[in-house]
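I have placed the structure first, in the form of structure tokens, so that the comments after it can refer back to it.
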Amino acid sequence: MLFHILIIAVFSLLLIFALIFADHRAPDTAKQFLLEKSHIETGAANLVTAIYLGYRAFDTLGETIVLISSVTGVVFLMGSRE
């Protein structure tokens, strides 16, 4: 138990250190890229649509497949009790 607490404390300190002293230039670069090029690359009317359907389409498709599979599994397991 003490070992687990020690591991959690070490990783928590590493995370806090990384958040405090990390260089935060990357999100600004990504933001500028999306603002300038997203409508050209995806053809979407607004930024949210460009990110959701243009850049994250495969991720969204994967999430949809997992959701449909889990719902199908629950319906199969609960089934009708005749």
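Observations, loosely collected:
- Contact annotation: no residue pair with Cβ atoms under 8 Å, 6 or more positions apart or on different chains, pairs a residue in the range 63-75 that is of a type outside the set (A, V, I, L, M) with a partner that is at pLDDT 95 or above and assigned to a helix (DSSP H, G or I).
- Exactly one residue out of Leu19, Leu34, Leu6 is touching a helix residue (DSSP H, G or I) at 6+ places or on another chain (Cβ under 8 Å), on the phi < 0 side of the Ramachandran plot and part of a helix (DSSP H, G or I): that is Leu34.
Residue-by-condition table, conditions (1) surrounded by fewer than 10 Cβ atoms within 10 Å (Cβ to Cβ); (2) among the aliphatic types (A, V, I, L, M):
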residue: Ile5; (1), (2): yes, yes
residue: Phe11; (1), (2): no, no
residue: Ala18; (1), (2): yes, yes
residue: Ala22; (1), (2): yes, yes
residue: Thr29; (1), (2): yes, no
residue: Leu35; (1), (2): no, yes
residue: Gly43; (1), (2): no, no
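- Residue pairs meeting the criteria (Cβ under 6 Å; at least 6 apart or on separate chains; first closer than 19 Å to Gln32 by Cα and of a type in the set (Asp, Glu), in the range 42-61; second surrounded by 14 or more Cβ atoms within 10 Å (Cβ to Cβ) and modelled with pLDDT of 85 or more): none
The values are calculated or read from the model by the stated rules, or taken from the named source; none is laboratory data. Because the structure is a prediction, the values reported are computed rather than measured. Methodologically, a virtual Cβ is constructed for each residue, glycine included, from the backbone with ideal geometry; neighbour enumeration extends over all protein chains shown.
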